[in-house]
1. Give the peptides 188-199, 85-96 in descending order of average Cβ contacts within 10 Å, highest first.
2. Suppose every K and R has +1 on its Cβ and every D and E has -1 on its Cβ; what is the size of the dipole of the chain about the Cα centre, in Debye to the nearest 20?
3. Given H placed on each backbone N at 1.01 Å, which residues far from ASP244 in sequence or on other chains put an amide H within less than 5 Å of it?
4. Once you have the Cα-Cα distance between THR284 and LYS320, take 0.36 nm times their residue separation minus that, and quote the gain in nm to one decimal.
5. What residues have an amide H closer than 5 Å to that of PHE76, excluding those fewer than 5 places away on the same chain, when H is modeled at 1.01 Å from N in the peptide plane?
6. Go ahead and estimate [θ] at 222 nm for the chain from helices alone: -39,500 (n - 2.57) per DSSP H run with n ≥ 4, summed, over the residue count, rounded to 500.
7. How many angstrom lie between the C-alpha centres of region 243-315 and region 36-113?
8. What ranking do 310-318, 213-221, 69-77, 162-170 get when scored by the average of other Cβ atoms within 10 Å per residue, highest first?
Amino acid sequence: MLKKKLAVLAGAAAAITLLAGCGGAAEAGGGPKLALDAALPTSVPDGVKIVVGDPTTQKALELSGQLGKVSKFVQFANLSGGPQTTEAFRAKALDLGSVAEIPPIHATWTGLQVKIVASKFRQDPLNHPIYQLGVAPGVAVKSLEDLRGKKIAYSPGQAQGALVLKVLKKAGLTKEDVELVELPSTGDIYPNALAAKQVEVAPIGGVSIKRYLTKYGKDGATTIPHGIRDDAGHLYTLTSSLEDSGKAAAIRAYVAAWGVAQEWIDKHPKEWIEGYYVKDQGLTTADGQWLVDNAGHPEITADWSAAIARQQETIDLLSKETGNKEIKAADLYDLRFQPVAVDAIKAAAK
């Protein structure tokens with residue numbers, strides 16, 4: 001288990017090292033300084049490059065034939081998720097990353113100045129959760145109240161870690177009522193930790209839910225729903241990139257393409273399953289179909305007020321539980337980008 005954990009961390013470090021080696025694109029200026037309250041430029045100047053860590057959208061752009069709309073000014077980096085994105089930001093090797101709810105908060109607490117420029121959610125989110133609570137074989141957990149006294153996997157700074165704190169609050173429990181075991185939530189670390197009974201409960205997501213039950217269900221492994229909204233997904237960037245007029249224009253153009261790509265994924269499930277889940281990710285068609293069904297349909301809105309309110313609730317909880325300073329969720333969002341993805345989707349549909 002330790003070897004697997006170290007291998008994952010080493011892989012992340014290697015990815016950042018490679019990016020740092022070509023990080024000039026993330027450091028080079030693309031234009032004059034732009035005020036953070038100035039109108040976004042709509043034309044990307046020649047020669048501007050931004051480095052984007054968003055492999056899923058990259059594949060959607062390829063499959064939909066839309067990659068050419070951004071390839072002139074986007075250099076893709078094969079990384080995603082909070083830890084890798086934050087480290088790449090810190091190394092000045094990345095301009096834009098795709099993450100869940102927590103990384104922009106955690107990045108701010110670690111001293112980075114970042115802004116959310118796009119947000120995606122799920123329709124009917126409680127019936128289409130990203131995560132379920134995996135329960136180790138032979139462990140009796142049928143409800144959230146049964147978590148008392150259990151060993152629970154916990155990953156500070158990641159969405160899964162925040163979800164654990166939200167679940168405890170919903171169950172009327174505190175951190176002192178359980179044993180939190182710090183483990184990174186990357187790869188199959190959580191399912192393996194459950195199978196080995198290193199932990200008794202862990203939030204697992206995506207196809208790992210299906211595979212965990214298929215592989216260990218015969219031994220008594222189970223999952224239970226947590227009943228909490230966990231569907232937030234964001235693109236976020238360094239504030240310094242937004243202060244560069246050329247990069248700001250490129251980020252705006254990418255957000256527009258990102259919005260159209262999300263819509264394409266939703267409208268072309270068979271192509272997405274075959275092109276991404278099967279050919280790119282090496283999953284079976286059945287696994288891909290399960291993921292599509294579980295995700296439901298995306299919700300992209302030009303009004304972020306409800307999302308900001310939910311983000312503030314998360315910040316308040318995390319601040320209380322971790323001792324980090326209180327911050328305003330509204331300060332994490334660049335509201336100039338609110339209509340960009342929605343307008344692009346509408347324009348593409350004409």
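Read-outs throughout are calculated quantities, based only on the coordinates presented, and are distinct from any laboratory measurement. Keep in mind it's a predicted model, so treat the numbers as computed, not measured. Glycine gets a Cβ as well: all are built from the backbone with ideal geometry, and neighbour counts include every protein chain shown.
1. The peptides rank, most packed first, as 85-96, 188-199.
2. 440 debye
3. LEU34
4. Value of the extension gain: 8.7 nm.
5. For PHE76, the qualifying residues are VAL52.
6. Mean residue ellipticity at 222 nm (helix-derived): -12500 deg cm²/dmol.
7. 14 Å
8. Top of the packing list down: 162-170, 69-77, 310-318, 213-221.
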